[in-house]
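The values are calculated or read from the model by the stated rules, or taken from the named source; none is laboratory data. What you see is a predicted model, and the numbers here were worked out from it, not measured in a lab. With ideal geometry, Cβ positions are generated from the backbone for all residues, glycine too; neighbour counts draw on all protein chains shown.
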Amino acid sequence: MNTGGPAFPVMDTDGNVLSDDKQNFSCTSEGMTLRDYFAAKIIPAIIPPPKTCEDFDAINESVDYVAVFAKTAYLIADAMIKERESKSVETEDKKWD
C-alpha cells in the first residue's frame, strides 16, 4: 500500500530526506505518513460536531460509528494519494475541465 511517504520528512542541508540509515542521524520513527496526515485532516469535515454532551457521549459509546468514520477517512486519504500521483491532475496554470 502506498502511504505517500512521510508527511513531514526531515532533510539534511543538501535537501536529502534523512532516515535511520543516514550517517550521524538517529531516528526511532519516520513519523506520520502522508496517508495518516490526510486521514486526520479529513476527520473534522466528515464527522459532524456534537451539539450537546449527550451527542458526544453517544459518539464515544458507538464503536461502529467511530470505525465507519475512520475507514472513510482512510478511503479518502487513499484516493487523495492516488489522485496526487495521477498524471490527470493539472497544474495551477492550466484550466480545470
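The set of residues in segment 1-52 that are under 22 Å from Asp78 (Cβ atoms), of a type outside the set (Val, Ile, Thr), surrounded by 12 or more Cβ atoms within 10 Å (Cβ to Cβ) and modelled with pLDDT under 85 comprises Asn2, Gly4, Gly5, Pro6, Ala7, Pro9, Glu30, Gly31, Met32. Filter segment 63-78 down to the residues that are modelled with pLDDT of 95 or more and of a type in the set (Gly, Ala, Ser), then identify the one that is farthest from Ala45 (Cα to Cα). Per the criteria, the residue is Ala77.
Checked against (1) acidic (Asp, Glu); (2) surrounded by 13 or more Cβ atoms within 10 Å (Cβ to Cβ); (3) modelled with pLDDT of 80 or more, Glu85 passes all but condition (2).
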